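Read-outs: derived from the displayed coordinates by stated rules, not from any lab. This structure is a prediction, so every number in the text was calculated from the model and none was measured. Cβ: placed from backbone, ideal geometry, glycine included. Neighbour counts: every protein chain shown.
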């Protein structure tokens, strides 16, 4: 189905919240790999150096309540680009699996409406029929160069070498900060400044504060700073081309840091994302901050509204364009997230609403120790040593907790690390019932389902090593399959 552009006269009538421009805006998504929301300076990090992202936030808008639908690389990216929940994308609900063939992608819709589209860097998205080429992207480039395996060094040239007669949508996706760290050995101090020092690192309370963990975190911070440098080059190149003002830049990450109790988790350390928007021609107040709730499935409809293009019915998100004019506007009241297979069997769901986080776990017997690359990390080894010595704090012990509670409830403002589960507290029974009902409604309306046989563990839970030939069990059924959720467009409560 082709969606025609809505030009200026129609914009006034059909899109009352949209800014009106003489030319459609350019659109860029800069997406980091495995970075938690509080590891950018503008989000309160005391040690991460992100001066270029901080500067864009200071002249744009920072969202403080933005949430992913999955804290897992390919399910998260596929969800963003289709504007749909992971279980509504078919097999793509699980790591490394493809999106259902029938579903349109944001760049494909934009390309049909006159945009030049490119994905440069980590792609990690595919379709069941393998057709993700000319009908979606004009350019596909892995972006890796001999001196930069973060996949960022071709972003600027993609801008300068674009067709000058079209607006563009660029998906600039780094490999930073995914393990294993390569920024350390490719470090250019003239570009990035000095490396982060382990002694300067702020260690989260659910990790061990020792030399190995600090060194691990310092290397992680180096990758964030490299990502920041190339985001700055994008902004500089746009300015040099004279198109910065009418380019909407969105900066975020696909999931939490690749450390214990972050990546894959439904808690804020895994599911909350930084989201910075820079668009001088479209954001009413430079340097503003919005605490309105945003889900990353809202990015696709937001980009389309900015472009004056009608969103296809498959998009489940809602545009947050009104927030660019009024940072206190409300575009959604609830945000839902999923924890599906990522190296290990899992099925968890959550809803955020009114300052509360409610989590439901369909596999309570299993620990949420994090993905295999985290389990293989020095930081996880340090936690195991404390575990074996029976010296874990409650926050650290949660990494290994099994069985887990089937329900968790947190008031996020007063418990930002989500360490005090209030699900059994009678004082909050009414809140828990309200959120449980919301999750039930969302589950029913979007066709979510936990199949009887989910995909089982592909890695050892203690060591993170591949089970390989020892694991002869075929993949299980992906979430939503029993109800053909990939055929359902209903968004559930928003």
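Summary of computed values
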quantity: Protection proxy ranking, peptides 345-351, 388-394, average beta carbon neighbours within 10 Å, highest first; calculated: 345-351, 388-394
quantity: Protection-proxy order for peptides 157-167, 69-79, each taking the mean of Cβ atoms within 10 Å per residue, highest first; calculated: 69-79, 157-167
quantity: Relative packing of 395-407, 420-432, which averages over residues the other C-beta atoms within 10 Å, highest first; calculated: 395-407, 420-432
quantity: The chain - share of DSSP beta bridges that are antiparallel (%, nearest 5); calculated: 50
quantity: Helix-derived mean residue ellipticity, 222 nm - over the chain, DSSP H n ≥ 4, -39500 (n - 2.57), to 500; calculated: -7500 deg cm²/dmol
quantity: Potential extension, residue 463-residue 424 segment - 0.36 nm per residue separation minus Cα distance; calculated: 10.7 nm
quantity: Against the rule of thumb 2.2 N^0.38 Å, how large the Cα Rg of region 132-186 comes out; calculated: 1.31
quantity: Rounded to 5, the percent of DSSP beta bridges in region 23-179 classed as antiparallel; calculated: 5
quantity: Gain upon complete extension [residue 47, residue 140; 0.36 nm per residue less C-alpha separation]; calculated: 30.1 nm
quantity: Where a label projected 7 Å from the Cα of residue 165 along Cα→Cβ would reach, residues of region 102-134 with amide N under 14 Å; calculated: 114-116
quantity: Net lengthening on full extension, residue 326/residue 59 (0.36 nm per residue, minus Cα-Cα); calculated: 94.6 nm
quantity: For 387, 214, 49, order by how many other beta-carbon atoms lie within 10 Å, fewest first; calculated: 387, 49, 214
quantity: Per-selection metrics, region 337-487 (Cα): Rg and Dmax in Å; calculated: 17.0, 51
